[in-house]
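The values are calculated or read from the model by the stated rules, or taken from the named source; none is laboratory data. Just so it is clear, the model here is predicted, and its values are computed rather than measured. Please note: Cβ atoms are built from the backbone with ideal geometry, for glycine as well, and neighbour counts cover all protein chains shown.
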Amino acid sequence: MVSTFKKYGWFFKLRWKSYTFGVVALIICAILQVMNPKIIGTVIDHFVEGTLTWPILLSWVGLIVLFALIMYALRYGWRMALFGNSTLIESILRNRLFSFFTRMDAEFFHKYRTGDLMAHATNDLAAIRFVAADGVLTLTDALSLGGVTLFSMFFFIDWQLTLAAVLPFPILIVVSTRLGKMIHSRYRGALQAFSSMNDHVQESVTGMKVLKTLGEEEEDFSAFKNETHHVITENQSVYKLKAALNPSIEIVMGLTYVIALLVGGNFVQIGRISIGDLVAFMSYIGMMRWPLLAVGGLINTLERGSAAYDRVNALLSYTPAIVEKEDAYQGALDGDIIFDIQSFTYPEDTHSALTDVSFTVNQGNLLGIVGRTGAGKSTIYKLLMRDYDQFEGRVAYNNIDIKDYSLESLKKGIAIVPQENFLFSTTIRENIRFGNPRLSQEEVEKYAKIANIHEDILQFPNGYDTEVGERGVSLSGGQKQRIAIARALAVEPECLILDDSLSAVDAHTEEAILNSLKQERSHKTTIISAHRISSIMHADEIIVMENGSISERGTHQELIHTQGWYNDMYHKQQLEMKLDKEGV
């Protein structure tokens with residue numbers, strides 16, 4: 001219990017004023033609440049002795065009403081303080097998590113699944129929020145009400161009777177401590193099971209078209225049912241342990257009542273206490289039921305919150321593989337690109353992805369990269385963007401090592417358009433100017449024209465205000481690619497990388513885009529990879545990748561003369577285009 005609250009110490013220090021008010025208000029409420037049994041006992045004694053009058057009765061009833069009004073105001077106050085703080089800690093941690101996600105590198109997102117990260121940001125934070133409000137509330141209420149009640153029983157009624165009545169309480173302490181440790185470990189399993197189920201839902205919804213196309217709906221639903229069953233099983237294991245708390249409390253309460261009646265009845269007979277005192281004492285025991293029951297809820301809340309906090313804290317303690325130097329170069333990314341890699345292997349992989357790959361791209365030139373799928377083209381781009389650092393060799397811009405640049409300079413200086421593009425669920429205009437929100441409509445149209453998508457946009461009913469839908473579902477593949485190209489151009493990158501991002505457009509559109517890029521980016525570097533030779537045949541230099549190495553290099557005409565893979569692929573594609581035109 002103490003260890004759980006220690007984890008929240010930073011937040012309690014931040015909000016100590018409101019927490020102090022809430023705790024004090026709870027204690028005052030507890031003190032006022034325990035006054036009622038004593039008042040009722042006093043009224044009963046007046047009645048038994050025959051001294052009860054209307055003025056005496058009304059005065060005691062008025063005091064009870066006054067206490068009720070004070071407790072109403074205080075309860076409103078502590079609810080605002082405690083539950084307001086719980087919302088605040090959830091907001092702080094959610095912002096911290098989101099900021100953390102935006103700073104992470106490719107290796108992090110390769111390691112953690114999207115659904116798991118979503119579970120951390122939703123389910124885990126909700127459990128943490130409960131500790132900051134319900135946990136503090138239950139602990140304070142239980143200790144204050146229980147403590148004041150025991151104090152009243154001890155000093156207002158009889159100390160010997162109180163000691164006898166609380167003899168069964170150590171049983172509950174032992175049971176709750178052991179169950180708490182077991183519940184903590186079980187909750188970790190339950191939270192992990194929920195993360196797995198959440199990830200399954202996210203992947204299934206995202207890939208629903210694929211599921212339907214392949215007719216795998218039933219199989220996927222069956223797998224989801226298994227995930228759901230696992231979540232239920234893990235939570236049931238927690239509930240079984242939680243269920244053992246209430247019987248323990250009932251046993252303790254039952255023993256307490258029996259002892260109180262036997263000992264208290266004897267004290268009434270010998271005149272040690274009055275009947276009114278015994279009635280008040282039994283009322284106090286009834287008030288002790290809530291603090292004891294609260295122990296079960298408190299353990300549940302604290303252990304769940306502790307497990308969730310550990311998961312979130314473990315995530316936030318992740319150290320990215322890409323770390324910026326303290327004195328990182330803040331200047332703009334310009335100049336020639338030097339790429340000289342002797343060897344690169346992906347983390348947790350034994351096969352080398354790149355071997356002896358070396359080339360230089362002069363500023364303002366166009367580099368073309370071709371090769372079979374898996375030849376290493378995308379790996380080159382990842383190293384150019386500094387997605388990975390564990391390579392043998394050097395990547396430099398303007399003769400400055402890429403590791404010496406600030407991450408902000410790299411982000412501003414490089415833009416990549418992958419083959420599979422992600423568009424946000426907003427308008428076409430907002431998607432194009434996503435990286436540069438201050439762009440005017442004229443500038444947005446300028447980049448759309450370069451990407452040869454302007455005329456298509458004008459054909460839409462709402463033009464640039466057209467909502468593209470989730471992930472651009474309302475657009476064709478070619479339209480999504482061209483909007484993504486316009487978005488990349490809008491940030492005016494020094495180095496533009498097109499990773500097979502013209503695959504969904506026809507030859508005529510491709511040619512128009514490439515001509516526009518050549519004119520607009522005559523002083524900036526562009527790198528294009530493609531399966532179609534026509535996309536890169538006008539490049540200043542072309543490299544052919546094979547099995548992670550450069551097998552051929554040169555201009556288009558030079559590669560044709562080598563009679564290698566490039567020449568074979570070029571003539572094969574030319575033949576395919578000729579057959580398509582002839583309708584064969």
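See the values below:
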{"quantity": "Qualifying residue in the range 462-474 (condition: buried (at least 22 other Cβ atoms within 10 Å of the Cβ), of a type in the set (A, V, I, L, M, F, W, C) and assigned by TED's automatic domain parsing to the domain that holds GLY368)", "calculated": "no"}
{"quantity": "Any hit, the range 67-87, residues being buried (at least 18 other Cβ atoms within 10 Å of the Cβ), modelled with pLDDT of 80 or more, under 26 Å from GLY147 (Cα atoms) and β-branched (Val, Ile, Thr)", "calculated": "no"}
{"quantity": "Condition broken by LYS480, with the remaining ones in (1) surrounded by fewer than 22 Cβ atoms within 10 Å (Cβ to Cβ); (2) in contact with a helix residue (DSSP H, G or I) (Cβ under 7 Å, 6 or more places away or on another chain); (3) at pLDDT 85 or above; (4) of a type in the set (Lys, Arg) satisfied", "calculated": "(1)"}
{"quantity": "So ILE513, is it closer than 24 Å to ASN362 by Cβ and within 35 Å of the chain's Cα centre (by Cα)", "calculated": "no"}
{"quantity": "Residue among PHE108, PHE155 that alone is closer than 22 Å to VAL279 by Cβ and modelled with pLDDT under 85", "calculated": "PHE155"}
{"quantity": "Test for THR102: is it within 30 Å of TYR388 (Cα to Cα) and β-branched (Val, Ile, Thr)", "calculated": "yes"}
{"quantity": "Condition check for GLY189: in the same structural domain as LEU302 (by TED's automatic domain parsing), modelled with pLDDT of 75 or more and under 29 Å from MET288 (Cα atoms)", "calculated": "no"}
{"quantity": "Filter result for the condition that a residue is under 38 Å from the mean Cα position of the chain (by Cα), part of a helix (DSSP H, G or I) and closer than 19 Å to ILE27 by Cα, over LEU139, LEU125", "calculated": "LEU139"}
{"quantity": "Failed condition for LYS403, given (1) touching a strand residue (DSSP E or B) at 6+ places or on another chain (Cβ under 6 Å); (2) touching a residue at least 60 places away in the same chain (Cβ under 8 Å)", "calculated": "(1)"}
{"quantity": "Residue tally, condition farther than 30 Å from SER343 by Cβ and outside any strand (DSSP E or B), over the range 395-437", "calculated": "16"}
{"quantity": "Residue identified as touching a helix residue (DSSP H, G or I) at 6+ places or on another chain (Cβ under 8 Å) and aromatic (Phe, Trp, Tyr) among PHE47, PHE21", "calculated": "PHE21"}
{"quantity": "Single condition GLU408 does not satisfy, out of (1) in contact with a helix residue (DSSP H, G or I) (Cβ under 9 Å, 6 or more places away or on another chain); (2) at pLDDT below 90", "calculated": "(1)"}
{"quantity": "Residue within the range 89-104 that is surrounded by 17 or more Cβ atoms within 10 Å (Cβ to Cβ) and more than 21 Å from LYS7 (Cα to Cα) present", "calculated": "yes"}
{"quantity": "Residues (part of a helix (DSSP H, G or I) and over 15 Å from THR509 (Cα atoms)) located in the range 448-470", "calculated": "LEU458, GLN459, GLY463, TYR464, ASP465, GLU470"}
{"quantity": "Failed condition for CYS29, given (1) out of contact with any Leu (no Cβ under 6 Å at 6 or more places or on another chain); (2) crowded, with 17+ Cβ neighbours inside 10 Å", "calculated": "(1)"}
{"quantity": "All positions within the range 515-539 that are within 24 Å of MET577 (Cα to Cα) and free of Cβ contacts under 8 Å to residues at least 12 places away in the same chain", "calculated": "ASN515"}
{"quantity": "Residue list for the range 527-546, filter: at pLDDT below 90 and under 42 Å from the mean Cα position of the chain (by Cα)", "calculated": "SER529, ALA530, HIS531, ARG532, SER535, ILE536"}
{"quantity": "Total residues in the range 7-62, condition over 55 Å from the mean Cα position of the chain (by Cα) and either within 30 Å of TYR309 (Cα to Cα) or not in a helix (DSSP H, G or I) (or both)", "calculated": "4"}
{"quantity": "From SER306, SER283, residue being surrounded by fewer than 22 Cβ atoms within 10 Å (Cβ to Cβ), of a type outside the set (A, V, I, L, M, F, W, C) and either modelled with pLDDT under 85 or under 18 Å from THR149 (Cα atoms) (or both)", "calculated": "SER283"}
{"quantity": "Complete set of residues in the range 356-388 that are touching a Leu at 6+ places or on another chain (Cβ under 9 Å) and farther than 24 Å from TRP565 by Cβ", "calculated": "MET385, ARG386"}
{"quantity": "Index of the failed condition, VAL312 passing every other in (1) assigned to a loop (DSSP other than H, G, I, E, B); (2) under 31 Å from the mean Cα position of the chain (by Cα); (3) of a type outside the set (D, E, K, R)", "calculated": "(1)"}
{"quantity": "Residue pairs meeting the criteria (Cβ under 7 Å; at least 6 apart or on separate chains; first under 19 Å from ALA507 (Cβ atoms) and among the polar types (S, T, N, Q), in the range 555-584; second modelled with pLDDT under 90 and not in a helix (DSSP H, G or I))", "calculated": "GLN573/ARG532"}
{"quantity": "Answer residue from the range 161-177, given it is assigned to a helix (DSSP H, G or I), touching a residue at least 60 places away in the same chain (Cβ under 8 Å) and not β-branched (Val, Ile, Thr) and is nearest to GLY41 (Cα to Cα) among those", "calculated": "LEU161"}
